[in-house]
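First the structure, in the form of structure tokens, and then the observations on it.
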Amino acid sequence: MLIVGAVLLVINADAQQNSVYNDQIDLAKRVELDVSRHLEEQRNQLDQFALKVRPSTSQAQLIDLAKDLVNRNYPNVLDFVLLDGGANERLHLVKLLLLSEKTLGSRKDDPAVQQALRDGTVSYSPIARNASGVRSFVITMPVRNDASTVVGALRAELSAEPLAISLAGAIANSKSYPYMVLHSDGNVMLDDGKPAFNVPNGLRTLIRSPNEVAQYSGARSQEVIGAQAPVMLRNNNESTGWTIIVEQPLLTAFGSLRNSIFVLGLLVLVVGAIALFYAFRQARQFLRPLEALRNGANALGAGQLNYRIGDLGDDEMGELARTFNGMAEHLQKSLAEIEHRNERLRRSMALARDIQIGLLPDRPPWNGD
């Protein structure tokens, strides 16, 4: 029983641990979905602008389109640059301010621009504070013509404050807290906005793990269960290089598990105690007939033929006790009969002795009397 109880405890603990792990993974994916939706909305607007960059589109039209894009997303578009195939700026807006053509420069030294022009891929920079102290990131993407040939690039610096708000409110009612890191090195880009947040010492344990969840020392110097979810743009199947981390303290996560284990352990102990009590009682009931038979045998061996074993039931022990009592009664009757015969024999011998004494002379004949 105790072994079965221990097995049940282990199974229950594993099941609840897996449940906690799965809950953390679901929370991380939920936060990642909110973040990726916001990014996809921004990315779609940039795509719509890029589709309108054609040889037939005049510079004035491009400026109006760019201003409209920045205005619709104000104040989240901090810097917007359209570049040609040589990485030279065609237009440049800082928020709603259009820079003059004389101030336009070259972005040939920008690795992200070169990647967009050379490989035709989209890149996302890490989130960091810019010169104005605003948390922001840069999306750099290629501009293609009707033949899908890369003819230029777009570079947009976007505010990360909406992402921070989305991150903080995604699971506000949960006991877990989310933050965002750069997957390559685990650098924290956006925290949960609450006090006492420190860079987790054990975060690399999770990031380098092939699993989606792990236990380590978390953001507030306490053991946590952390789950990760890479931020992906599903419409374009793009990886941002960012990862959502959702942590929950072990004491909180396994609080219900400890209570369940305590209750189940207590139940196992109670059931085990009852089982042991019942087993001892059954053993006692089994030994009681044997003890009665032993006492009967000792009494019979000591000559107490009147000793009888009490009723032991209708089972084999009871039948043996009745046989024993029958044997004792038979021996008692036989002994009584023997004693009766001996008594009769003693009386006969005494009578014969009396007759013999009466028939014999008082004196021997050789006395001459």
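Name the strands (runs of 3 or more DSSP E) wholly inside the range 140-256 in which the number of residues that are in contact (Cβ under 8 Å) with a residue 40 or more places away in the chain and crowded, with 16+ Cβ neighbours inside 10 Å is 2 or more.
In the range 140-256, 150-159, 177-182, 188-190, 223-233, 238-249 are the strands (runs of 3 or more DSSP E) which contain 2 or more residues that are in contact (Cβ under 8 Å) with a residue 40 or more places away in the chain and crowded, with 16+ Cβ neighbours inside 10 Å.
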Selection from the range 275-296 of residues that are at pLDDT 75 or above and small (Gly, Ala, Ser): Ala275, Ala279
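Hey, does the range 1-10 have a residue that's in a loop (DSSP other than H, G, I, E, B), at pLDDT below 90, under 41 Å from the mean Cα position of the chain (by Cα) and surrounded by 13 or more Cβ atoms within 10 Å (Cβ to Cβ)? So that I can check it myself, show each step before the final result.
Taking the range 1-10 and keeping what is in a loop (DSSP other than H, G, I, E, B), we get 1.
From what is left, the residues that are at pLDDT below 90 are 1.
If we keep only those that are under 41 Å from the mean Cα position of the chain (by Cα) as well, we get 1.
Remaining after also requiring surrounded by 13 or more Cβ atoms within 10 Å (Cβ to Cβ): 1.
Scanning the range 1-10, I find at least one residue that is in a loop (DSSP other than H, G, I, E, B), at pLDDT below 90, under 41 Å from the mean Cα position of the chain (by Cα) and surrounded by 13 or more Cβ atoms within 10 Å (Cβ to Cβ), so the answer is yes.
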Test: residue in the range 105-121 that is farther than 18 Å from Val138 by Cβ and acidic (Asp, Glu): no
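Please work out if Lys67 is at pLDDT below 95 and either of a type in the set (Phe, Trp, Tyr) or assigned to a helix (DSSP H, G or I) (or both). Give the derivation first.
Working: at pLDDT below 95: no; either of a type in the set (Phe, Trp, Tyr) or assigned to a helix (DSSP H, G or I) (or both): yes.
Judged against the criteria, Lys67 is not a match.
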Matching residues, the range 119-131, being free of Cβ contacts under 8 Å to residues at least 24 places away in the same chain and outside any strand (DSSP E or B): Asp119, Thr121, Ser125, Ala131
Pair list, Cβ under 8 Å, 6 or more apart: the range 97-110 residue within 22 Å of Tyr74 (Cα to Cα), other residue modelled with pLDDT under 95 and in a loop (DSSP other than H, G, I, E, B): none
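Within the group Asp68, Asp84, Asp64, which residue is in the same structural domain as Ala156 (by TED's automatic domain parsing) and either surrounded by 13 or more Cβ atoms within 10 Å (Cβ to Cβ) or of a type in the set (A, V, I, L, M, F, W, C) (or both)? Reasoning before the result, please.
On the way: Asp68 fails: either surrounded by 13 or more Cβ atoms within 10 Å (Cβ to Cβ) or of a type in the set (A, V, I, L, M, F, W, C) (or both); Asp64 fails: either surrounded by 13 or more Cβ atoms within 10 Å (Cβ to Cβ) or of a type in the set (A, V, I, L, M, F, W, C) (or both).
Being in the same structural domain as Ala156 (by TED's automatic domain parsing) and either surrounded by 13 or more Cβ atoms within 10 Å (Cβ to Cβ) or of a type in the set (A, V, I, L, M, F, W, C) (or both) holds for just one of Asp68, Asp84, Asp64, which is Asp84.
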Residue, modelled with the lowest pLDDT, within the range 298-312, restricted to residues that are surrounded by 14 or more Cβ atoms within 10 Å (Cβ to Cβ) and assigned to a helix (DSSP H, G or I): Leu300
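The values are calculated or read from the model by the stated rules, or taken from the named source; none is laboratory data. What you are looking at is a predicted structure, and each value in this text was computed from that prediction instead of being measured. Because the Cβ atoms are built from the backbone with ideal geometry, glycine has one as well, and the counts that use them run over all protein chains shown.
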